[in-house]
Amino acid sequence: MTLINSVTGQVDSSELGLTLIHEHMRVRSESVYVQFPHLYDEEKELSKAVEQVNKVKKLGVKTICDPTVMELGRDIRFIEKVARETGVQIIAATGIYSYHYIPPHFQNRSIDYMADLFVRDIEVGIQNTSIKAGFLKCATDAQGITRDVEKVIRAAARAHKRTGVPIMTHSHPRTGTGLMQLDILLEEGVDPKRVLIGHTGDTDNMEYILKVLDHGTFIGMDRYGLTRECTTENRNTTVIELAKQGYADRMFLSQDHCCSIDWYPEETPARLFPKWTMSFVLQEVIPELRSNGVSEEQINLMMVDNVRRWFEGN
């Protein structure tokens with residue numbers, strides 16, 4: 001038994017149930033929102049999030065992990081509102097999402113200073129609330145391991161070791177950054193069973209994926225509906241093959257869906273990625289996996305058991 005911080009209080013790891021491991025209630029450009037708040041409609045954004053979460057709740061989802069952290073516009077009160085309006089358990093993260101740089105505030109302070117702030121989010125509360133983070137998040141994209149990115153990864157590792165909460169990453173498989181992240185995390189003494197290398201499913205390069213899995217970590221096949229890096233068909237083929245090879249106990253299925261995101265004009269995401277919803281995996285992907293030999297036991301591992309094991313560390 002492990003108690004996990006959700007935005008509405010602690011939940012037992014045995015009570016997580018059907019879980020979407022990587023979904024965002026809202027993504028905002030923090031600096032734009034602070035300087036030009038008239039561009040944003042809080043009620044409309046809340047309505048979109050509640051609609052998406054209620055839809056997956058009807059499909060059996062009990063828990064959602066939301067890895068929205070600093071630089072993605074994290075607003076813990078917003079996430080709490082969605083959880084309370086829907087009754088779905090939402091687990092929030094702490095960390096920093098950066099592909100290359102961090103603010104001078106952190107550039108000119110130590111790794112342990114940053115780790116202390118992550119620990120505070122986990123043990124005291126986020127944004128001067130009593131709502132606590134349940135996992136850690138860091139990111140490495142095509143820019144690779146810059147000095148600032150390395151600082152965040154090491155701070156996440158140290159906060160993990162002090163608190164015991166697991167680590168989720170954003171990675172860029174085409175440039176091999178998942179392996180780079182693992183090198184740093186393992187150097188810091190992190191147990192690979194507590195690590196989820198996110199977005200591993202953005203490639204169908206089995207050689208790379210198996211190298212990541214060889215470390216004993218979990219992987220995120222977690223961007224279903226986004227087809228720029230990898231088509232749905234290729235994502236499915238990869239999951240089916242990995243399941244055949246016995247890796248269902250190491251994979252998570254999700255969509256990295258953003259109920260609203262200000263990175264693009266409002267109509268753009270739906271035009272470019274019409275299948276990118278929070279329910280795509282449950283409504284279309286899992287039936288396709290079943291029809292291609294993925295068993296109910298394997299689906300249960302990917303959607304229920306693995307998240308418990310990630311939080312519990314077994």
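Read-outs: derived from the displayed coordinates by stated rules, not from any lab. Note that the coordinates shown come from a computational prediction; the quantities given were computed from them, not determined experimentally. All Cβ positions, even for glycine, are placed from backbone atoms using ideal geometry, and neighbour counts span all protein chains on display.
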Hull surface divided by four, with the convex hull built on the Cα atoms of region 180-314: how many nm²?
8.7 nm²
Would you list which lysines come within 20 Å of LYS58, measuring only between C-alpha atoms, while excluding same-chain residues fewer than 8 positions from it?
LYS48, LYS81, LYS275
On alpha carbon coordinates alone, what is the Rg over Rh value for region 25-98, Rh being the Kirkwood radius?
0.98
Would you work out which of VAL32, GLN107, ASN300 lies farthest towards the positive end of the dipole of the chain, given +1 charges on the beta-carbon of Lys and Arg and -1 on that of Asp and Glu, about the Cα centre?
GLN107
Restricting to DSSP loop positions (anything but H, G, I, E, B) with no more than 12 other Cβ atoms inside 10 Å of their own Cβ, which chymotrypsin sites (Phe, Trp or Tyr not before Pro) remain in region 246-314?
TRP263
Highest GNM mean-square fluctuation among PHE218, PHE78, PHE36, for the chain with Cα springs under 10 Å, belongs to PHE36
Once R0 is set to 30 Å, what does the formula 1/(1 + (r/R0)^6) return for the Cβ-Cβ distance between GLU312 and GLU267, expressed as a FRET efficiency to the nearest 0.05?
0.10
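Please state the charge dipole magnitude for the chain, taken about the Cα centre, from unit charges on C-beta atoms (+1 on K and R, -1 on D and E), reported in debye and rounded to the nearest 20.
Details: 36 positive and 44 negative charges, 70 e Å.
Once rounded to the nearest 20, the dipole reads 340 debye.
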Restricting to the chain, compute how many DSSP beta bridges are antiparallel as a %, nearest 5.
15 percent
Based on the inverse mean of 1/r over its pairs of different Cα atoms, what is the Kirkwood hydrodynamic radius of region 91-190, in Å?
13.4 Å
State the extension gain, in nm to one decimal, for the chain segment bounded by ASN54 and GLN143, taking 0.36 nm per residue of separation less the distance between their alpha-carbons.
28.4 nm
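Once the piece of chain linking GLU15 and ARG120 is laid out straight, how much longer is it, given 0.36 nm per residue of separation minus the C-alpha distance between them?
Working: separation 105, 0.36 × 105 = 37.80 nm, distance 2.50 nm.
Going from the current span to full extension adds 35.3 nm.
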With unit charges on the beta carbons (Lys and Arg positive, Asp and Glu negative) and the dipole taken about the Cα centre of region 167-282, which residue among HIS170, PHE273, TRP263 sits farthest to the positive side?
PHE273
Starting from the Cα coordinates of region 7-137, work out the convex hull volume and express it per residue in Å³.
114 Å³
Shape parameters for the chain, alpha-carbon atoms, Rg then Dmax in Å:
18.0, 54
Find how many whole Å separate the alpha carbon centroid of region 72-114 from the alpha carbon centroid of region 254-308.
23 Å
Would you give the gap between the C-alpha center of region 115-174 and the C-alpha center of region 11-50, rounded to a whole Å?
18 Å
Of ARG120, ARG235, ARG84, the one that fluctuates the most in a GNM where the chain has Cα springs shorter than 10 Å:
ARG84
Checking GLN245, GLN298, GLN107 against a Gaussian network model of the chain (alpha-carbon springs below 10 Å), the top fluctuating residue turns out to be GLN245
Normalised per residue, the volume inside the convex hull of the alpha-carbon atoms of region 177-228 in Å³ amounts to 67 Å³
Determine, at each q value in 0.14, 0.17 (inverse angstroms), the log₁₀ of I(q)/I(0) that the Debye formula gives when each Cα of region 260-314 is one equal point scatterer.
-0.59, -0.73
Put a dot 7 Å past each Cα toward the Cβ at ARG162 and VAL34; how far apart are the dots in nm?
2.3 nm
